[in-house]
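Rule-based calculations on the coordinates, nothing more; no lab input. It should be emphasised that the depicted structure is a prediction, and the values quoted were computed from it without experimental measurement. Note: ideal-geometry Cβ built from the backbone for every residue, glycine included; neighbour counts use all protein chains shown.
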Amino acid sequence: MINRRQLLNIAATAGVASVLAADSAQTAERESTVIEIVDTNVSLFQWPFRRLPLDDTTVLVKKLRSLGIAEAWVGSFEGVLHRDISAVNQRLAEECKRHPELIPIGSINPELPDWEEDLRRCIETHNMPGIRLHPNYHGYTLDDSRFARLLKLATAYGRLVQIAVAMEDVRTQHPLVRVTDVDLTPLPDVITRARGAKVQILNYRPSSSLLEKLAKVPGIYFDTARVDGSDAVPKLVERIPNGRVMFGTHAPFLIPEAALIRVHESGLLDEPAMRSVLSKNARQISAKVGT
């Protein structure tokens, strides 16, 4: 089993292992331990309420590379409050073209006029593999008929839908913009009516009663960004069947190293399970949605 020190060392040296190896045997041994990492929860540009240390794309990409993150699925902080969603997605697509490891995930707000056209452009113009929703900031619930329609349309396009349960802890929010976490209670019923839908829940702190219901729905996936506790990730993996837990950092809002350490620090995940969380599960769903 790879220990915590080895994991961080692997992440830090993954990009240069082959050129630093002194001989072929050493190279083969080192490469065999490299764990590819796919981060399914990253955002670009500036958070509207304060500057973040990694909110410059070039700096953020450099940090992700230093941690061995080979691919990042990125939404846009601008999608939270901006009303011109088409322009938000255009900027995101253009920024991702400058950095091949960044995969753009478009923003959709079904409260705005012509959101169906925004969705179409995400798919047909920008070839985005998925969309990211912020129901709590955009003012609708998951039992809203517009969410059900959006989910069915995205599923018809064969795309992943990400739902950000939270962006910021309520204790640190601006006093004039208090936003509670998204209520996921209606999600199991809605997703079962959208046959083939694939929904990833981001920034979710699992609660026992609701997690059982969510876990029973095959199309619901989870990330690790807000799973707190030294053994919380392994426990989540145990409770969610069929490889539906995917690595996510919520960078740059949260420090990406923290999520990486949490995946490993309990010592309860063996190497195959760790590889599944860090990349295999994401790769499998990528294949299903055509990325």
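Within the chain, the proportion of Cα pairs with more than 28 Å between them is 35 percent.
Among the lysines of segment 34-289, pairs that are 8 or more positions apart or on different chains and have alpha carbons within less than 17 Å of each other number 10. Across the chain, the relative contact order, built from alpha-carbon pairs under 8 Å that are at least six residues apart, equals 19 percent. Each Lys and Arg contributes +1 and each Asp and Glu -1, all at the Cβ; summed about the Cα centre of segment 145-227, the dipole is approximately 380 debye.
Here is the P(r) of segment 94-242: all C-alpha pair distances, binned every 5 Å from 0, give 2, 9, 17, 21, 20, 16, 11, 4, 1 in whole percents.
Multiplying the sequence separation of SER266 and ASP231 by 0.36 nm and subtracting their Cα-Cα distance, what value in nm do you get? Spell out each step's value before the answer.
On the way: separation 35, 0.36 × 35 = 12.60 nm, distance 0.50 nm.
Stretched fully, the SER266-ASP231 segment lengthens by 12.1 nm.
Ranking request for peptides 170-176, 211-217: highest mean number of other beta-carbon atoms within 10 Å first, then the rest in descending order. Don't skip to the end; give the middle numbers.
Values: 170-176: 8.4, 211-217: 15.7.
The peptides rank, most packed first, as 211-217, 170-176.
Give the separation of the Cα centroids, segment 30-78 to segment 238-268, in Å. If we compute the Cα centre of each part, the gap is 14 Å. In this structure, the amide hydrogen of ARG132, modeled 1.01 Å from its nitrogen in the peptide plane, lies closer than 5 angstrom to those of GLY106, SER107, ILE108, GLN162, counting only residues at least 5 positions away or on a different chain.
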